[in-house]
1. In nm, to one decimal, how far is the Ile226 label point from the Ile163 one, both placed 7 Å along Cα→Cβ?
2. What does the extension gain come out to for Gln27 and Leu264, with contour length at 0.36 nm per residue minus their alpha carbon separation?
3. Using the Cβ atoms and a cut-off under 15 Å, what net charge is assigned to the surroundings of Tyr44, where Lys and Arg are +1 and Asp and Glu are -1?
4. On average, how much accessible surface per residue is there in the stretch 1-80, in Å², for a 1.4 Å probe, leaving out ligands, DNA and RNA?
5. On a 0 to 90° scale, report how tilted helix 162-172 is relative to the longest principal axis of the chain, with both axes built from alpha carbons and the result rounded to the nearest 10.
6. Taking the Cα centre of the chain as the origin, how large is its charge dipole in debye, to the nearest 20, when only Lys and Arg (+1) and Asp and Glu (-1) carry charge on their Cβ atoms?
7. Just how much of Lys57 is accessible, in Å², when a 1.4 Å probe is used and the result is rounded to the nearest 10?
8. If I take every Cα pair under 8 Å that is 6 or more residues apart in the stretch 159-251, average their sequence separation and divide by the length, what percent do I get for the relative contact order?
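The values are calculated or read from the model by the stated rules, or taken from the named source; none is laboratory data. None of the values given here were measured: they were computed from a predicted structure. Reconstructed Cβ throughout: ideal geometry from the backbone, glycine too, with neighbour counts over all protein chains shown. Calculation scope for accessible area: heavy atoms of the full protein, side chains included, ligands and nucleic acids excluded. Shrake-Rupley method; radii C 1.70, N 1.55, O 1.52, S 1.80 Å.
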Amino acid sequence: MIQAQQAIGLFDSGIGGLTVANAILAQLPNESLIYFGDTAHMPYGDKSADTIRYFTKTIGAFLLSKDCKILVIACNTASSVAYDLLRDMAGNKAHVFNVIDPVVDEIIEKKYAKVGVIGTKGTIGSDVYHRKIVDRDPAVAVKQLATPLLAPMIESGFAHGQISQLVVEEYLQDPVLQDIDCLILACTHYPLIKKEIENFYADRNRKVDVLATNEIVARHIKRFMIENGLVNFEKKGKNAFYVSDYTESFEKTTQLFYQESIDLIHLPLFK
Ligand code: DGL
């Protein structure tokens, strides 16, 4: 039986999923996390759906072997093509969450009518946000733009400053995104440049709600855990962070997120 004391497992191609991990810890401070950053294969956004499914299968098997109660696909690209696969793999051993469905719920609940979506080529190419939103409410206009430079830029440590500002401007000025009332940051790396994106709209006096999916997803998971008696009330164990390839920026960002000393474990899963 799935127990509250078990850990929550998450993965992403790199540091992006840490925004989800961080939001979960802010809301559920007693949870122990097991995080896998597949830095050897970053970026996921340019890979084929089959390749992403293969990565997900391998990482999913690893997280299941660690006895996680919950698995979070903390990556939009993998959520868009590998959610069903991971759910089937987990069976009744763990509950599986993607980062897309809770955001679609939010769009419908808040009644947004003109929704912009930015994400990797994989996420935007899958059309997943458009399909899921229009399925719930056909009257919502969904305008999508692939922004492939953003995740590698953030992963390489250029989240803030001139380069980031220029790239953000170039993308957000795209004609596709002109008439929107909210913008979904459909990549878990993007909360790290949320300020830059909000500044873009503030500077132009445009009212656009910028939705960072990490907090929405964390709230959704918390609600589920409360309803299912899965919140850990005991003293938590240490979080564990694994990477498939060691990168300095991953270590730096992890330290920034978590003031505690972290054990960054290099685990070449794909050898
Ligand atoms: N953070 C990921 C996402 O949400 C992947 C970014 C990438 O590796 O391209 O899509």
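1. The answer from the label model is 4.2 nm.
2. Details: separation 237, 0.36 × 237 = 85.32 nm, distance 2.31 nm.
Extra length from Gln27 to Leu264 when fully extended: 83.0 nm.
3. On the way: positive: Lys47, Arg53, Lys57, Lys121; negative: Asp12, Asp38, Asp46, Asp50, Glu155, Asp245.
Within the 15 Å Cβ shell, the charges total -2.
4. Values: 2310 Å² over 80 residues.
With all protein chains present, the stretch 1-80 gives 29 Å² per residue.
5. It is inclined by approximately 70 degrees.
6. Details: 28 positive and 33 negative charges, 100 e Å.
Magnitude of the dipole: close to 480 debye.
7. 110
8. Numbers: 49 pairs, mean separation 24.5, N = 93.
The value is 26 percent.
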